[in-house]
Amino acid sequence: AFQHRLWPEIEKTVKQQVAMARMGIGDCGSGWQLFAEDGEMKMYRREEEVDGMVVDPLKAVHVVKGITGHEVCHYFFSPQYRYDWETTLEQMTVLETISDDTLMFHQIHKRIWPASQRDVVFWSHMRKLPNDQDRDGPDIWTVVNNSTEDPDHPANAGKCVRIFLTVCLLCQTRVIPPKDGTPLSRDNISCKITYCSVVNPGGWAPASVLRAVYKREYPKFLKRFTAYVKNQTKSKPIMY
Ligand SMILES: CCCc1ccc(-c2ccc(S(=O)(=O)CCO)cc2)cc1[C@H]1C[C@H]1c1ccccn1
């Protein structure tokens, strides 16, 4: 297939991010601190600063009944649904369709007082991965979003502060076939979701403000997004 200029970076970043997402939280000595919990959802962060700016890596794990990893990644990746679940989105533009599973976006997020408004340019790639732990187990699906440059959208040219992020959504479907051999239904499936993100806020913002924003917004985002996927898929055939 035609090699897009970003392809080598996409390959490298996807492999790197998937490997990191698959690593557990490890013992608490690993610096991960649980900062939010809601039922099956657990959110961890590490407090890290670069040049005095908060860039706390975030890792969330969640198990959601009735949906597959392919469905979760489909609704996360596809632009046509994003305004339905991404509440902090003010504007989203698809800058380039690199392939049917790789897009480039420009997003302007709503201003979070007192920080200035932020925007981001990133490539987004969706991929099915072989389940190398369990040969005949269901596939693993992932979406990786990674900041990139776009000459038509230079950083900090307009009113927004450009942020830089790497996000990995890794989804593992679980199927528990019914004992009586009846056909599979959504009651027999669930999805283990791992969401990892590192966001560099671009310009200085008070650490206390950023940490408050993340503490409020990330749990809300993952709960809202997974509820959205359940609602969108409940009366549709299962997409494995
Ligand atoms: C000062 C930093 C502000 C800030 C940076 C970054 C993001 C952000 C961008 C993209 C993605 S995503 O996972 O790629 C889904 C596609 O949109 C998640 C989060 C959001 C905020 C702001 C709006 C706040 C927020 C934080 C966390 C989750 C949702 N919203």
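Bear in mind these aren't lab numbers, they're just calculated from the coordinates by the rules spelled out. In this text the structure is predicted, and so the values were computed from the model without any measurement. Because the Cβ atoms are built from the backbone with ideal geometry, glycine has one as well, and the counts that use them run over all protein chains shown.
What size of dipole, in debye to the nearest 20, comes out for segment 114-240 about its Cα centre when the only charges are +1 on Lys and Arg C-beta atoms and -1 on Asp and Glu C-beta atoms?
Numbers: 19 positive and 11 negative charges, 131 e Å.
The calculated dipole for segment 114-240 is roughly 620 debye.
Roughly how many nanometres apart are two label points built 7 Å out from the Cα toward the Cβ at ASP84 and ASN131?
The answer from the label model is 2.6 nm.
Quick one: net charge around LEU95, please, counting Lys, Arg +1 and Asp, Glu -1 for every other residue with C-beta under 10 Å from its C-beta.
Details: positive: none; negative: GLU96, ASP150, ASP152.
In short, -3.
Suppose only helical runs count, i.e. DSSP H with n ≥ 4. What mean residue ellipticity at 222 nm does that imply for the chain under -39500 (n - 2.57) per run, divided by all residues and rounded to the nearest 500 deg cm²/dmol?
Roughly -7500 deg cm²/dmol at 222 nm, from the helical runs in the chain.
If the limit is 24 Å between Cα atoms, which of LYS15/LYS59; LYS179/LYS234; LYS128/LYS179; LYS15/LYS128; LYS110/LYS236; LYS110/LYS230 go over it?
Details: LYS15/LYS59 17 Å; LYS179/LYS234 22 Å; LYS128/LYS179 28 Å; LYS15/LYS128 12 Å; LYS110/LYS236 32 Å; LYS110/LYS230 26 Å.
Cα-Cα > 24 Å for LYS128/LYS179; LYS110/LYS236; LYS110/LYS230; rest within.
Whole angstrom only: what separates the Cα centroid of segment 159-189 from the Cα centroid of segment 11-67?
Between the Cα centre of segment 159-189 and that of segment 11-67, the gap is 16 Å.
Note down the magnitude of the dipole of the chain about its Cα centre, charges +1 on Lys and Arg C-beta and -1 on Asp and Glu C-beta and zero elsewhere, to the nearest 20 debye.
Working: 31 positive and 29 negative charges, 136 e Å.
Charge dipole of the chain: 660 debye, to the nearest 20.
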